[in-house]
Amino acid sequence: MDDLFEWGRKVLAEQPFSRLLGAELVSLSRTAVEMRLPIKPEFRQQYGFVHGGVLSYAADSALTYVGASALDALVVTSEFKINYLRPALGDVILARASLVHAGRNQAVCRCDIFVAQAGSEKLCAVAQGTIVKARQAKV
């Protein structure tokens, strides 16, 4: 399990956008992941809420980690849907994704996005996505 977590941290470190946002991997198994994203002032929209694109990033990343872990392969997101439930106000975004079903070439995963402040968490979005094995590009 430690090898899987270290692999996940390495992948995250190799993603310039994830580094820019300050994303952190908290836990990773074959069927679940938790990611953490500290909320920066730049993440807020005109009303002071975290922008939906930041929440979508967190969901997409968490869904992809679970899919890759379950399929044991290089993967990409085929599709995902997100429902915003309440404005995200707080200090930290927590994305917790889990495996719903894995086949030979694709996995369906679910993600709950929480916003945390002062030890309290509130569910602010839910997402579901299909993660597929990536085809090797021809050079």
Ascending count of other beta-carbon atoms within 10 Å, so fewest first, for Y57, Y65, Y84: Y84, Y57, Y65
If amide hydrogens are placed 1.01 Å from N in the peptide plane, which non-local residues have theirs closer than 5 Å to the one on S27? E34
Pop a pseudo-label 7 angstrom from the Cα along the beta-carbon direction at both L89 and E42 and give the gap in nm to one decimal. 2.5 nm
W7 and L20 label points (each 7 Å along its Cα→Cβ direction) are spaced in nm at 2.8 nm
List K10, K133 from most exposed to least, where exposure is judged by having the fewest other Cβ atoms within 10 Å. K10, K133
Can you list the HN-Hα couplings for the stretch 83-89, worked out from phi with the Karplus curve (6.51, -1.76, 1.60; θ = phi - 60°), rounded to whole Hz and with x for Gly and Pro? 10, 8, 9, 7, x, 8, 10
For the Cα atoms of the chain, what angle does the longest principal axis make with the long axis of helix 2-13, in degrees from 0 to 90, nearest 10? 60 degrees
With axes computed from alpha carbons, what is the tilt in degrees of helix 52-71 against the longest principal axis of the chain, rounded to the nearest 10 within 0 to 90? 30 degrees
Neighbour-count ranking [beta-carbon atoms within 10 angstrom, fewest first] of S120, S27, S61: S120, S27, S61
Per the Kirkwood formula on distinct C-alpha pairs, the Rh of the chain is how many angstrom? 15.1 Å
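Only the coordinates and a few stated rules stand behind these numbers; no lab work does. Since the model is a prediction, treat every value here as computed from it, not as a measurement. All Cβ positions, glycine included, derive from the backbone under ideal geometry; neighbour counts span all protein chains shown.
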